[in-house]
Amino acid sequence: MDAIPELRSDAARNRLLVLEAGRRHLVEHGLPLPMNAIAKSAGVGVGTVYRHFPTQSDLVQAIAESAFSDLVRQARAAVDAPDPVVGLRTLLDVAVRRLADPALAVVLAGQLTSGSDQALPAPARELAELTEKVLGRAHMAGVVRSDLTTDDVRRLACGIQHAVKIGDPASVDVYVDVLVAGLRSLP
C-alpha cells in the first residue's frame, strides 16, 4: 500500500469515514463495493470517495492495509523459525486467522486482480515472497511435498478460512494441524 500524503484534518476524517463505510459494506454484503452507496453510508459525496479511492480495488486494499501489515510482520517471523515445519504451520495459522478480515480475504483470494503478481499490492507481493521462503526452507529440509507451491499454500489457507467461517471458529488449530500433516512428505 502506498503511503498516503498528509491530509487536511477534514480530508483525513472523510477518508476514515469512507474506509469504515467500505468495511461495513464488505462485511455485510461482500463485493462489489458500490461507490454511491459507500458515499451515502459515509455521509460524504461520491466525488470524495473517488478522490481518495479511484477504484474499488484501491478501497479494498486500503481497508486491508492493517491486516496485511500484521500478516507480513508475522510471516517474516515464520521465515526465521528454527524448524521449517513450525514456520509453515505458524504462517498458515496466522494467515487463516487474519483471513477473517474480509478485505484481506478478497485481496488474497485474487478477486481484485487479473492473476498477475504485478497487479497485487506491494504487501501481497511481499507476503508471497515470504511464503516462498518459508516453503523453500521446508522443501530444502525435505519435510513437505515437493510439488507444493506458494499459490497452493495461499489457496489452502483461503479454503481453511472458508471452513472456519461456515463452521466453528474454535476449529482453526485442528484444521491447520490436519493441513500441515497432509502437506508433509511421505516417508
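Kirkwood-type hydrodynamic radius, region 1-111: 15.1 Å, calculated from all non-identical alpha-carbon pairs.
Note on Y50 and D70: the model spin-label points, each 7 Å out from Cα along the C-beta direction, lie 3.4 nm apart. Here each label is just a point 7 Å from Cα along the line to Cβ, and for R145 and A122 those points are 3.5 nm apart.
To the nearest ten degrees, helix 56-79 and the longest principal axis of the Cα atoms of the chain are 30 degrees apart. When the square roots of the Cα gyration tensor eigenvalues are ordered a ≥ b ≥ c, the ratio a/c for the chain is 1.5 or more and a/b exceeds b/c, which makes its shape prolate. Using the Cβ-Cβ distance between A77 and A11 with R0 = 25 Å, the FRET efficiency computed as 1/(1 + (r/R0)^6) comes to roughly 0.10.
Where only DSSP H runs of four or more residues are counted, the chain gives -23000 deg cm²/dmol as its mean residue ellipticity at 222 nm, each run worth -39500 (n - 2.57).
A simple charge model with +1 on the Cβ of Lys and Arg, -1 on the Cβ of Asp and Glu and nothing else charged puts the dipole of the chain at about 300 debye relative to its Cα centre.
The residues of the chain have, on average, 53 Å² of accessible surface per residue, using a 1.4 Å probe with all protein chains present. For the peptides 60-71, 78-89, 168-179, the ranking by mean Cβ contacts within 10 Å, running from highest to lowest, is 60-71, 78-89, 168-179. Between the helical axis of 84-98 and the longest alpha-carbon principal axis of the chain there is an angle of about 30 degrees. When the alpha-carbon atoms of region 127-187 are used, the pair Rg, Dmax equals 12.4, 35 angstrom. Reducing region 150-186 and region 24-86 to their Cα centroids gives an inter-centroid distance of 22 Å.
The values are calculated or read from the model by the stated rules, or taken from the named source; none is laboratory data. Predicted model only: the values in this text are computed from it and were never measured. Counting neighbours? That spans all protein chains shown, and the Cβs are built from the backbone with ideal geometry, glycine included. Calculation scope for accessible area: heavy atoms of the full protein, side chains included, ligands and nucleic acids excluded. Shrake-Rupley method; radii C 1.70, N 1.55, O 1.52, S 1.80 Å.
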